[in-house]
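A short worksheet on the structure shown next.
The values are calculated or read from the model by the stated rules, or taken from the named source; none is laboratory data. Everything quoted here is computed from the prediction, not taken from an experiment. Cβ atoms come from the backbone with ideal geometry, glycine included; neighbour counts cover every protein chain shown. Side chains are part of the model used for accessible areas, which takes the heavy atoms of the whole protein and leaves out ligands, DNA and RNA. Shrake-Rupley method; radii C 1.70, N 1.55, O 1.52, S 1.80 Å.
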Amino acid sequence: MSLSSFQKRLLLQDIELLKPDFHQFTSAYHRSLNARQLTMTVPEQDSITKRSYILYCALNKVVSHLDDLQQVTPFIHYLANNLSFLNVASKDIDILCEAFIETRLLFIKTYNSHQQQAWELAIRIFSNIVKSYLFSHSTVVSIKTRRFVYKAHN
């Protein structure tokens, strides 16, 4: 599962629209995170503001390479390591992703189903890679396991 070139182009256009107001975007994202029940340690607003350019570059790099998972996975693992220092839990990853999507909708008024589908796929890919790396979580079910579960239900 990876992004198509069309989806990647849509996401990169969205990110480019966020660029001029990325400090405000990160502030709104931080406020959104503080309003949620996270088990992880949320960095202080000043810390996020000081790193907003780095966060923008990381977002741009991840999206730019989501069509080539072999290239982007090590970078996502690096980002996941940073999250691990904040005592992130698996559920926190979902909350971080939901907050990102909601904050994005506040800043980018243009919306269409193609963009929404592209963001949902990108977030799912990112989330799956992070969860797999940090928590040995996988959405892949082996055929043997699937057959066992199927036989058990019959």
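Quick notes
- Looking across the range 35-60 at every residue that is in a loop (DSSP other than H, G, I, E, B) and open to solvent by 50 Å² or more (accessible area, probe 1.4 Å), the one that is farthest from I76 (Cα to Cα) is identified as A35.
- Residues being open to solvent by less than 20 Å² (accessible area, probe 1.4 Å) and more than 22 Å from S27 (Cα to Cα) - total across the range 99-121: 2
- Within the range 99-120, being touching a residue at least 40 places away in the same chain (Cβ under 8 Å), in a helix (DSSP H, G or I) and not aromatic (F, W, Y) holds for A99, E102, T103, R104, L106, H114, Q115, Q117, A118.
So that you can scan it fast, the table gives a plain yes or no per residue for (1) under 20 Å from K8 (Cβ atoms); (2) out of contact with any Gly (no Cβ under 7 Å at 6 or more places or on another chain); (3) of a type in the set (A, V, I, L, M, F, W, C):
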position	(1), (2), (3)
L86	no, yes, yes
E102	no, yes, no
L106	no, yes, yes
H114	yes, yes, no
W119	yes, yes, yes
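- Only one of the numbered conditions (1) among the hydrophobic types (A, V, I, L, M, F, W, C); (2) within 16 Å of N128 (Cβ to Cβ); (3) touching a residue at least 24 places away in the same chain (Cβ under 8 Å) is not met by L59, and that is (2).
- When F148 is tested against (1) open to solvent by 70 Å² or more (accessible area, probe 1.4 Å); (2) more than 30 Å from F6 (Cβ to Cβ); (3) at pLDDT 90 or above, only condition (3) is not met.
- Restricting attention to the range 64-98 and to residues that are touching a residue at least 60 places away in the same chain (Cβ under 8 Å) and among the hydrophobic types (A, V, I, L, M, F, W, C), the residue that is most open to solvent (accessible area, probe 1.4 Å) turns out to be L69.
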